[in-house]
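Student: Pasting a structure below so you can have a look.
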Amino acid sequence: MNVVVAPAKQQHVDGICRVCAEGWRETYAGILPDKEIEATIEEFYTPERVAHEVRSPEDWDGWLVALDDEEVVGAGGGGLTEPNVGEVFVLYVAPIRETTGNWHPIARSDNTTATRARCDRTMGFYRAR
């Protein structure tokens, strides 16, 4: 495997949407109602929105993709939140369901557990919207 991280291009939009939607479903299943999960995916990870963010990122530095032989296996992005302070706003790695059911090898296998453990602290943000 040869994973390369690069700025996203329009050809990566569908892969970004897929990875982020899968990540949301995997991470929040059993924590949030399916309706909330799908509403969030529909708001943030549609091809139209992601394509616009790839073309013209506003208030952040835009999308980066992790590519394994040109397939998007990870997507993320961030930006400056104040002078000299950066933050990762979104970061997802594709699970490999068809072969192992585990997260893609570029992520540590305990990321799912760590993400789920942090969910209790972040649910207030999502529910407040």
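Each value in this text was obtained by applying a stated rule to the coordinates, not by laboratory testing. The structure presented is a predicted model; accordingly, all values stated were derived computationally and were not measured. So basically every Cβ, Gly included, is an ideal-geometry build from the backbone, and we count neighbours across all protein chains shown.
Student: Can you list residues whose amide H is under 5 Å from GLU71's amide H, if they're 5+ apart or on another chain and H is modeled 1.01 Å from N?
Tutor: It is none; the list stays empty.
Student: Using amide H atoms built in the peptide plane, which far-off residues or other-chain residues are under 5 Å from GLY62 H to H?
Tutor: HN-HN under 5 Å from GLY62: GLY78.
Student: In addition: Once amide H atoms are placed 1.01 Å from N in the peptide plane, what residues at a sequence separation of 5 or more from VAL90, or on another chain, have their amide H within under 5 Å of its amide H?
Tutor: Here GLY77 satisfy the definition.
Student: Calculate the spin-label point distance for ASP59 paired with LEU80, positioning each point 7 Å from the Cα along the beta-carbon direction, and give it in nanometres.
Tutor: 1.7 nm
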